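Comments concern the structure below.
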Amino acid sequence: MKFFVDTAEIADIKSLAASGLLDGVTTNPSLIAKSGRQFKEVIKEICDIVPGPVSAEVASTDFENMMAEAKVLRPIAKNVTIKVPLTPDGLRACRALTDDGAMVNVTLCFSPAQALLAAKAGATFVSPFVGRLDDIGYDGMKLIADIVQIYKNYPFKTEVLVASVRHPIHVVEAAKIGAHVATLPPPVLRSLFNHPLTEKGLANFVADWKKTGQSII
Ligand code: E4P
């Protein structure tokens, strides 16, 4: 499973990239607004840090303006992935951009039927939002299982990018289902390391090593 980080905060991206565990980055207009920074400048900086796909979302909702915005975003770096909404215009833009050689992430996917459309439109990634479905009493992970099953029935190349991830169980369940990618908020990615027995075991080993009076180097 590939790990993307879902943030526009450069400090977080730098530290997670240094861990060697990061395969890409996703941003959205809300994350850019939260960063308080200029969109194109932030995307350029992220692309310089992470060589994998970096999602930059269009702001317009009509085909012509999405294409015009993609034309500005694509030259920022080779790894820019144009993020478009799962709407008729968004999927039209997805097809046009994919045919022109761009990577495209189709976002705001909430149903298997929508995911089927995204794959048919040639999306590089489809982003089903598990947390937002859970929030309204639906089973977000069931959507991931349905999409993975549907995609296995056909030679689609679209990767399932699990989005709106809220906790480690989302990540583990998505990996068990076989989703290709999960995009994680930095705290969720860091929380994957945690286990009380690891912390306790390490504290014991460190204490016992001190008792030996030895040094390895
Ligand atoms: C990622 O591409 C999505 O925009 C993001 O995961 C949405 O997460 P949220 O539901 O926590 O805002």
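The values are calculated or read from the model by the stated rules, or taken from the named source; none is laboratory data. Quantities reported herein were computed from a predicted structural model and do not represent experimental measurements. Quick reminder, even Gly has a Cβ in these numbers, built from the backbone with ideal geometry, and neighbours come from all protein chains shown. With ligands, DNA and RNA removed, areas are computed over all heavy atoms of the protein, side chains included. Shrake-Rupley method; radii C 1.70, N 1.55, O 1.52, S 1.80 Å.
Given the condition part of a strand (DSSP E or B), touching a Ser or Thr at 6+ places or on another chain (Cβ under 8 Å) and open to solvent by 50 Å² or more (accessible area, probe 1.4 Å), answer yes or no: does some residue in the range 84-104 qualify? Steps first, answer last, please.
From the range 84-104, those part of a strand (DSSP E or B) are 84-85, 103-104; that's our starting set.
Next, from what is left, pick out any that are touching a Ser or Thr at 6+ places or on another chain (Cβ under 8 Å): 84-85, 103-104.
Then keep just the ones that are open to solvent by 50 Å² or more (accessible area, probe 1.4 Å); that gives 103.
Yes, the range 84-104 contains at least one residue that is part of a strand (DSSP E or B), touching a Ser or Thr at 6+ places or on another chain (Cβ under 8 Å) and open to solvent by 50 Å² or more (accessible area, probe 1.4 Å).
When you scan the range 153-172, how many residues do you find that are more than 16 Å from the ligand (Cβ to nearest atom) and under 21 Å from M103 (Cα atoms)?
Count: 4.
Given (1) more than 14 Å from the ligand (Cβ to nearest atom); (2) within 14 Å of T158 (Cβ to Cβ), where does T107 come up short, assuming only one miss?
(1)
Can you give me the number of residues within the range 39-68 that are open to solvent by 70 Å² or more (accessible area, probe 1.4 Å) and part of a helix (DSSP H, G or I)? Spell out the reasoning first.
Let us first name the residues in the range 39-68 that are open to solvent by 70 Å² or more (accessible area, probe 1.4 Å), namely 40-41, 44, 48, 51, 59, 61, 64-65.
When the remaining residues are screened for being part of a helix (DSSP H, G or I), the result is 40-41, 44, 48, 64-65.
Qualifying residue count for the region: 6.
I'd like to check something: does the range 34-53 contain any residue that is within 13 Å of the ligand (Cβ to nearest atom) and among the β-branched types (V, I, T)?
Looking for residues that are within 13 Å of the ligand (Cβ to nearest atom) and among the β-branched types (V, I, T), one finds none in the range 34-53, hence no.
Among (1) within 16 Å of the ligand (Cβ to nearest atom); (2) within 29 Å of M66 (Cα to Cα); (3) hydrophobic (A, V, I, L, M, F, W, C); (4) buried (at least 20 other Cβ atoms within 10 Å of the Cβ), which single condition is L189 missing?
Exception for L189: condition (2).
Checking K71 against (1) within 16 Å of the ligand (Cβ to nearest atom); (2) open to solvent by 30 Å² or more (accessible area, probe 1.4 Å); (3) in a helix (DSSP H, G or I): exactly one of these is not met. Which one?
(1)
Where residues in the range 117-142 are more than 11 Å from the ligand (Cβ to nearest atom) and either aromatic (F, W, Y) or over 19 Å from the mean Cα position of the chain (by Cα) (or both), which of them is surrounded by the fewest Cβ atoms within 10 Å (Cβ to Cβ)?
Per the criteria, the residue is G137.
Any residue in the range 160-172 that is among the small types (G, A, S) sitting within a Cβ distance under 7 Å of a residue that is assigned to a helix (DSSP H, G or I) and open to solvent by less than 50 Å² (accessible area, probe 1.4 Å)? List the pairs, counting only those 6 or more apart or interchain.
Every condition considered, the pairs that remain are S164/V130; S164/G131.
Against the condition open to solvent by less than 50 Å² (accessible area, probe 1.4 Å) and modelled with pLDDT of 95 or more, how does G36 come out, does it pass? Walk me through how you get there before you give the answer.
Working: open to solvent by less than 50 Å² (accessible area, probe 1.4 Å): no; modelled with pLDDT of 95 or more: yes.
When the stated conditions are applied, G36 does not pass them.
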